[in-house]
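J.: Let me begin by handing over the structure; questions about it come next.
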Amino acid sequence: MPDLPPMPPIPDVLAEHVAGHLAAARGMTALLPAVEAAADLLIETFTRGGTLYTMGNGGSAADAQHLTGELIGHYKRDRRPLPTVTLTTDATVMTCIANDYAYDDVFARQVRALARPGDVVAAFTTSGNSPNVVSALEAAQSNGAVTLLFGGGDGGAATKYADHLLLAPSSETPRIQEIHTLMLHMISEKVDAWAAA
């Protein structure tokens, strides 16, 4: 087998990604109590028979669906499914609302129809300023649901309607999304253990 040429040096931009990720991950230590409180909130919600509704745009929609998958399916343990709905997954409803009303209403209209006192509405947003997310959190509070914001930086306009904040310690979209995945896995770990007990 011929000798392989030496690996070229890692470009600085890739090394910067790793350094940024590690810095954001280290910043998570201060957020552990908030993450645990969010997990406890979901446990209390499911204990009372409530439902979790999740949402987001683009990569944040994927994060919302990821959390729903972990809770309806399972994280690590075989256990009962937990009532969780992602508001981005019904293409007919989404396109109907966007077409007949406005894209800014795609989540708020669903929240007004579905969320009730005893439910939790969780939004994933890297900017915290997406009008459809902000209006949905406002609608959730108006309906008496508890709101949970997975954000970053200062949380943006969405913080005004968030009862619980999980703000990734970064203002860079990729780092925020990476930390949201870490947070949802940490929450899933505690909820999963509770549901399997």
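The values are calculated or read from the model by the stated rules, or taken from the named source; none is laboratory data. Please read all numbers here as calculations on a predicted model, not as lab measurements. Counting neighbours? That spans all protein chains shown, and the Cβs are built from the backbone with ideal geometry, glycine included. Accessible surface areas use protein heavy atoms only, side chains included; no ligands, DNA or RNA. Shrake-Rupley method; radii C 1.70, N 1.55, O 1.52, S 1.80 Å.
J.: Give me the residue from the stretch 141-151 that is over 17 Å from Glu172 (Cβ atoms) and either without any contact (Cβ under 8 Å) to a residue 60 or more places away in the chain or touching a Pro at 6+ places or on another chain (Cβ under 7 Å) (or both) and, out of that set, surrounded by the most Cβ atoms within 10 Å (Cβ to Cβ).
T.: Taking the stretch 141-151 first, the residues over 17 Å from Glu172 (Cβ atoms) are 141-149.
Now drop any that are not either without any contact (Cβ under 8 Å) to a residue 60 or more places away in the chain or touching a Pro at 6+ places or on another chain (Cβ under 7 Å) (or both), which leaves 141-145, 147, 149.
On the way: Gln141: 18, Ser142: 13, Asn143: 16, Gly144: 11, Ala145: 25, Thr147: 24, Leu149: 27.
So the residue we want is Leu149.
J.: Separate question: Among the residues of the stretch 78-89, write down those that are in contact (Cβ under 8 Å) with a residue 60 or more places away in the chain and open to solvent by 60 Å² or more (accessible area, probe 1.4 Å). Give the derivation first.
T.: Taking the stretch 78-89 and keeping what is in contact (Cβ under 8 Å) with a residue 60 or more places away in the chain, we get 78-80, 82.
Passing the criteria: Asp78, Arg80.
J.: Any chance the stretch 156-169 includes a residue that's without any contact (Cβ under 8 Å) to a residue 60 or more places away in the chain, in a helix (DSSP H, G or I), of a type outside the set (D, E, K, R) and crowded, with 21+ Cβ neighbours inside 10 Å?
T.: If we filter the stretch 156-169 for residues that are without any contact (Cβ under 8 Å) to a residue 60 or more places away in the chain, which is where we start, we get 156-163.
With in a helix (DSSP H, G or I) added as a condition, the list becomes 156-161.
Still in the list and also of a type outside the set (D, E, K, R): 156-159, 161.
Add one more test, that the residue is crowded, with 21+ Cβ neighbours inside 10 Å, and what stays is 158.
Yes, because at least one residue in the stretch 156-169 is without any contact (Cβ under 8 Å) to a residue 60 or more places away in the chain, in a helix (DSSP H, G or I), of a type outside the set (D, E, K, R) and crowded, with 21+ Cβ neighbours inside 10 Å.
J.: Of everything in the stretch 90-117 that's of a type in the set (D, E, K, R) and not in a helix (DSSP H, G or I), which residue is farthest from Val134 (Cα to Cα)?
T.: Step one: filter the stretch 90-117 for residues of a type in the set (D, E, K, R), giving 90, 100, 104-105, 109, 112, 116.
Adding the requirement that they be not in a helix (DSSP H, G or I) leaves 90, 116.
Details: Asp90: 20, Arg116: 18 Å.
Once the filter is applied, the top-ranked residue is Asp90.
J.: Is it the case that Leu148 is in contact with a Ser or Thr (Cβ under 8 Å, 6 or more places away or on another chain) and either assigned to a strand (DSSP E or B) or not hydroxyl-bearing (Ser, Thr, Tyr) (or both)? Before you say what the answer is, go through the steps one by one.
T.: Working: in contact with a Ser or Thr (Cβ under 8 Å, 6 or more places away or on another chain): no; either assigned to a strand (DSSP E or B) or not hydroxyl-bearing (Ser, Thr, Tyr) (or both): yes.
For Leu148, the condition - in contact with a Ser or Thr (Cβ under 8 Å, 6 or more places away or on another chain) and either assigned to a strand (DSSP E or B) or not hydroxyl-bearing (Ser, Thr, Tyr) (or both) - is not met.
J.: Could you figure out which of (1) assigned to a helix (DSSP H, G or I); (2) free of Cβ contacts under 8 Å to residues at least 40 places away in the same chain isn't true of Ala38?
T.: Unmet condition: (2).
J.: Turning to a different aspect of this structure: Could you check Asn129 against (1) closer than 23 Å to Glu44 by Cβ; (2) open to solvent by 40 Å² or more (accessible area, probe 1.4 Å); (3) not in a helix (DSSP H, G or I) and say which number it fails?
T.: (1)
J.: Now, a different point. Among what's in the stretch 34-59 and is small (Gly, Ala, Ser) and open to solvent by 30 Å² or more (accessible area, probe 1.4 Å), pick the residue that is nearest to Tyr103 (Cα to Cα).
T.: At the first step, the residues of the stretch 34-59 found to be small (Gly, Ala, Ser) are 34, 37-39, 49-50, 56, 58-59.
From what's left, open to solvent by 30 Å² or more (accessible area, probe 1.4 Å): 34, 37, 49, 58-59.
Details: Ala34: 31, Ala37: 32, Gly49: 31, Gly58: 13, Gly59: 17 Å.
Ranking the qualifying residues of the stretch 34-59, first place goes to Gly58.
J.: What is the one condition in (1) closer than 19 Å to Ala136 by Cβ; (2) among the polar types (S, T, N, Q); (3) more than 15 Å from the chain's Cα centre (by Cα) that Thr159 does not satisfy?
T.: Among (1) closer than 19 Å to Ala136 by Cβ; (2) among the polar types (S, T, N, Q); (3) more than 15 Å from the chain's Cα centre (by Cα), Thr159 violates only (3).
J.: Surrounded by fewer than 19 Cβ atoms within 10 Å (Cβ to Cβ) and in contact (Cβ under 8 Å) with a residue 40 or more places away in the chain - does that describe any residue in the stretch 90-109?
T.: The answer is no; no qualifying residue exists.
J.: Could you grab me the full set of residues in the stretch 60-77 that are open to solvent by 40 Å² or more (accessible area, probe 1.4 Å) and not in a helix (DSSP H, G or I)?
T.: Of everything in the stretch 60-77, those that are open to solvent by 40 Å² or more (accessible area, probe 1.4 Å) and not in a helix (DSSP H, G or I) turn out to be His74, Tyr75, Lys76, Arg77.
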